[in-house]
Amino acid sequence: MPAIMTEERKPDSAATRERLLLKFSKDVDLLSLGVAIARVVELASSEDEATHSLTYYVLSDTALTQKILKLANTVFYRSAASSPVTTVSRAIFLLGFDTVKSTALALLLVDNLANRRHADMVRKELLQSLCASLIGRELTRMNPQYGGEEASIAALFRNLGQLLVASYENPLYRQVLEKIEDGLAPGLAMHQTLGCTYEFLTEQVLHGWNMPDSLADAMHALPAGPLRPAKSRQEWLRQAVSFAQEVAPLILSREALSSAQLQALLARYGQALHLDLDRMKTLFGLVGREIAQVSKSLNLDSAPRETAPPPAAPAGPSLPGVLKLAAMDNHVIQTDERYPSGKPLAARDMLLAGIQVATQMLARANYKPSELMTLVVETLYSSLGFRFAAICVKDSRLHCYRAVLTMGEQHVARQQRFCFPFDSACDVFHLAMENSADLMISDACTPKIRELLPDWHKQLLPDARSMMVLPIVVEKMQFGLFYGDRRDTAPEGISSDEAALIKTLMGQLVTAMSTR
């Protein structure tokens, strides 16, 4: 760092820096936020299991689930679907893995920080993060050869340092602003007040959260002057994030961008990011329009105005845009109305919606059987209101049937213990498979049913009061079964329409398993 910053730094600035770092590394809420963010960021869209993991993560947060489903049920996406979207795995199929992943990250920041003290300043910083993330995503669309969601994610967290200081140490945040308003250079104002820059705090916090090095590297400052076209993907990410960070406050300003500002941006970034004046004005107009909607939908205090005439509708959703859509009131199958058992009243419609998207998946030549299996299990899990659900398959090596895909409460721990031997026995699981009989047990505590439950099940799920067992049998060959249960009895049972749809869904599951 320049010597002048070291010389003019206040004597207690180093102590302030250490105090901030300690606070941000020890705060329980921030630690939980960091763990949640790291879990989502580490999901790689190229891995077969990533869709399972993202589905499980979203399902674990009821509020996040509802926002993602609202997004998928907007008019923009419903044009690609013939029925309402009721499962997260279907939302991922329609919106795309990267869109749902980036949306989840943005909502984590908003939900955890927007309502803290000093809300006005915190929301301003949040809005700048969301705006920068949108710019990063649009730049990626303009330069598809660089693909992925890294630019959007890195831009989202680029100003994390000032966001956390505004949230947790607002007097210091105000001091920095006041010094800048008095004419002090931003870097010097930060060093005098905090003992470091916001960028340093961001890097340290992200390192503590175990974020990938590639994201931290994308946030590094670039040299002054015109930038040349990138020689690598990582260099392009740094250029895109730098542009997003510089442009976001300009778009969020109430003042229209001047010709001089546009020309200065073009001189620095135009060649590197393949931008000309028309493309940049189109990007600014799109971002300004969507950020205005985000501000209104999420109650974030800002009122940006468009810097160019509204462009044509974009080819797809973008991060703040999806937040805007997620906050809209749209027609969705009503899943809140339920029987006392927990089964949704709209079970039939939800099952039908799952069948339709499974059919769409099967029609694609390159569909992934693992994704279809996840969709089927989640459809049954959600549509029938189970608290735990599992797919069990035959494992010849271990001479048992074992769970390979689970959802619901304690699904990871229960999956490890949900297994039973091949050997025929007089219990509900073997009887269902041997007779190819779909079982819907309304009350598992009746003496006759209780006698048919094996000991391993009674130990693993002692409070299961109603359950479903659907054997997977093809030409008398027993492959496994689907299992789902609830804590309450289910006297409503299953209607004939629902039973027919469940059979269709299980047929699609068999297709997926046979090609897995």
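Could you compute how much accessible surface D488 exposes when probed at 1.4 Å, giving the result in Å² to the nearest 10?
80 Å²
Given a 1.4 Å probe and the protein chains all in place, what does the accessible area of E235 round to, in Å² to the nearest 10?
Its accessible surface works out to 50 Å², give or take rounding.
Using only alpha-carbon positions, what ratio does the radius of gyration of the range 344-457 give when scaled by 2.2 N^0.38 Å?
Relative to the rule-of-thumb radius for its length, the range 344-457 sits at 1.19.
Going from the alpha-carbon gyration tensor of the range 218-263, what semi-axes, largest first and in whole Å, does one get by taking the root of 5 times each eigenvalue?
Rounded to whole Å, the semi-axes are 23, 12, 8.
So how do 166-179, 96-109 stack up, highest first, on mean other-Cβ count within 10 Å?
Listed from highest to lowest mean packing, they are 96-109, 166-179.
Say the dipole of the range 441-516 comes from +1 at the beta carbon of Lys and Arg and -1 at that of Asp and Glu; which of T489, L453, M477 then lies farthest toward its positive end?
M477
Could you work out the local net charge near L470, counting Lys and Arg as +1, Asp and Glu as -1, over the other residues with Cβ closer than 11 Å to its Cβ?
Charge balance near L470 sits at 0.
Assuming a viscosity of 0.890 mPa s and a temperature of 25 °C, what translational diffusion coefficient in µm² per second does Stokes-Einstein assign to the range 444-500, Rh being the Kirkwood radius over Cα pairs?
D = 189 µm²/s.
Sort 223-232, 433-442, 353-362 by packing, meaning the average of other beta carbons within 10 Å per residue, with the highest value first.
353-362, 433-442, 223-232
Quick one: accessible surface of E451, probe radius 1.4 Å, all protein chains present, in square angstrom to the nearest 10.
Solvent-accessible area, nearest 10 Å²: 140 Å².
Give me the distance between the Cα centres of the range 400-463 and the range 152-214, rounded to whole Å.
Spelled out, the Cα-based centre of one part sits 54 Å from the other.
Any chance you could get the radius of gyration and Dmax over the Cα atoms of the range 387-516, in Å?
According to the Cα coordinates of the range 387-516, Rg and Dmax are 14.0, 41 Å.
Going from most exposed to least, what order do I494, I502 have by accessible area with a 1.4 Å probe?
I494, I502
Please list R397, R348 from largest to smallest accessible area, probe radius 1.4 Å, with all protein chains kept in place.
These residues rank, largest area first, as R397, R348.
Among A267, V247, I153, flag the residue with its Cα farthest along the positive direction of the charge dipole of the range 147-272, charges on Cβ as +1 for Lys/Arg and -1 for Asp/Glu.
A267
Give the Kirkwood hydrodynamic radius (Å, one decimal) of the range 134-264, defined as one over the mean of 1/r across all pairs of different Cα atoms.
16.0 Å
Leaving ligands, DNA and RNA out of it, rank E492, E337 by accessible area with a 1.4 Å probe, largest first.
Heavy-atom accessible area, descending, gives E337, E492.
The values are calculated or read from the model by the stated rules, or taken from the named source; none is laboratory data. Remember, it's a predicted structure, so these values are computed and weren't measured experimentally. Using ideal geometry, Cβ is built from the backbone for each residue, glycine included, and neighbour counts are taken over all protein chains shown. Protein only, heavy atoms only, side chains kept; ligands, DNA and RNA dropped before computing areas. Shrake-Rupley method; radii C 1.70, N 1.55, O 1.52, S 1.80 Å.
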